[in-house]
Amino acid sequence: MATLTTVDRDAPLGEILAHLHRDGGVIVQDLLSEEARLAIIDDLAGAMEVIEPGSKSGLEQWELFHGRETIRFCGLAARSRAFVEHALLEPVFRAVTDHELLGGCTSYWLNTGQVMAVGPGETAQYLHRDEGNWPEAINAEQELTISCMFALSEFTQANGATVVVPGTHKLPPGVTRGYEVIDDDVAYAEMSAGAGLIYSGKVIHGAGANITDQLRYGVHVSFVAGWLRPEEASPLQVDRVCAAGLPEEARRLLGWSSYHSEGGGRTWLVDFEDAADLFG
């Protein structure tokens, strides 16, 4: 069985990037302090109690992908200030994202901040690449999206830890939905509560099967190049009133600011001015 490297959160950025570039993913210990982790859980507890598992799309492929026993919901910045301060703005993950995305764009924004709580009896998700959301933009040289799965509870192979196929980020680009592997190819992102799996949008991965009677509780945060449309329509969930109370950088990541191309135009404007000007 393959493995992923685990490093301390104070590891040099170069070391974290070296593991990411070699394997397509790296686990970083203690990205969330115990206080931060519990605060996020407390903020999200109400939604966890009322949101039913499974996809509401009515589409068979999405129901399979999302998992019939998996609870998913977004709009986390409107639900949890702790999420904003400790996950959305987490400095180690942001430093990795800066390195990986800035070069193909002048800025990036939130693709999705999403609870992924894999319930008992859930089957394994089919393996995929996250960059497949934007098939027209995929290229071999540049990352489109970088993600982190923050473990709000312990991740084990038995309870559905993220499955990663190390090295597959180096395969030729293309949309991947389903990938045949043997056990020796696969690594399970087993990690303690508070750790995070940072991974490439090009690496083949998916949620594992949960054969326990306990929930595997994580928060997925991904960023995408600022010239692409994200999965989550954040400004429709984090409205202007809510956004006004957030740090400026959080507002920018949530779409309450405009994109300025290098040597090109500006997009996502309000009356042809930067959306950030709405906040004075």
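Only the coordinates and a few stated rules stand behind these numbers; no lab work does. Remember, it's a predicted structure, so these values are computed and weren't measured experimentally. Here Cβ is always computed from backbone atoms with ideal geometry, including for glycine, and neighbour counts include all displayed protein chains.
Close amide H contacts of GLY255 (hydrogens built in the peptide plane, cut-off under 5 Å, sequence separation of 5 or more or a different chain): LEU110. For the pair ALA47 and ASP8, label points projected 7 Å from Cα toward Cβ lie 3.4 nm apart. With the cut-off at 1.5 for a/c, could you classify the range 83-219 from its C-alpha gyration tensor as rounded, prolate or oblate? In terms of gyration-tensor shape, oblate. A cut-off of 5 Å between modelled amide H atoms, ignoring neighbours fewer than 5 places along the same chain, links ALA161 with THR156, GLY208.
Once the Kirkwood radius over Cα pairs is known for the chain, the Stokes-Einstein relation at 20 °C and 1.002 mPa s delivers a diffusion coefficient of 113 µm²/s. Estimated from helices alone, the mean residue ellipticity of the chain at 222 nm is -6500 deg cm²/dmol (sum of -39500 (n - 2.57) over DSSP H runs with n ≥ 4, per residue). The protection proxy used here, the mean number of other Cβ atoms lying within 10 Å of each residue, ranks peptides 226-236, 7-17 as follows, highest first: 226-236, 7-17. Simple point charges give the picture: +1 on the Cβ of Lys and Arg, -1 on the Cβ of Asp and Glu, and for the chain a dipole about the Cα centre of about 380 debye. Under 5 Å from the amide H of ILE146 lie the amide H atoms of PHE223, each residue being 5 or more positions distant or on a separate chain, with H modelled from the backbone and absent for Pro and chain starts. With the charge dipole of the chain set up from +1 on Lys and Arg Cβ and -1 on Asp and Glu Cβ about the Cα centre, the Cα lying farthest toward the positive end among the listed residues LEU246, PRO12, LEU38 is that of LEU246. Computed 3J(HN,Hα) for the range 64-80, one whole-Hz value per residue from the Karplus formula 6.51 cos²θ - 1.76 cosθ + 1.60 where θ = phi - 60°, is 5, 5, 6, x, 6, 10, 10, 8, 10, 7, 10, x, 5, 5, 7, 9, 8, glycine and proline marked x.
Normalised by the number of residues in the range 68-165, the mean separation of alpha-carbon contacts (under 8 Å, six or more apart) gives a relative contact order of 36 percent. Under a plain spin-label model, where a point goes 7 Å from the Cα along Cα-to-Cβ, how far apart in nm are GLU273 and VAL241? Label-label distance for GLU273 and VAL241, simple model: 2.3 nm.
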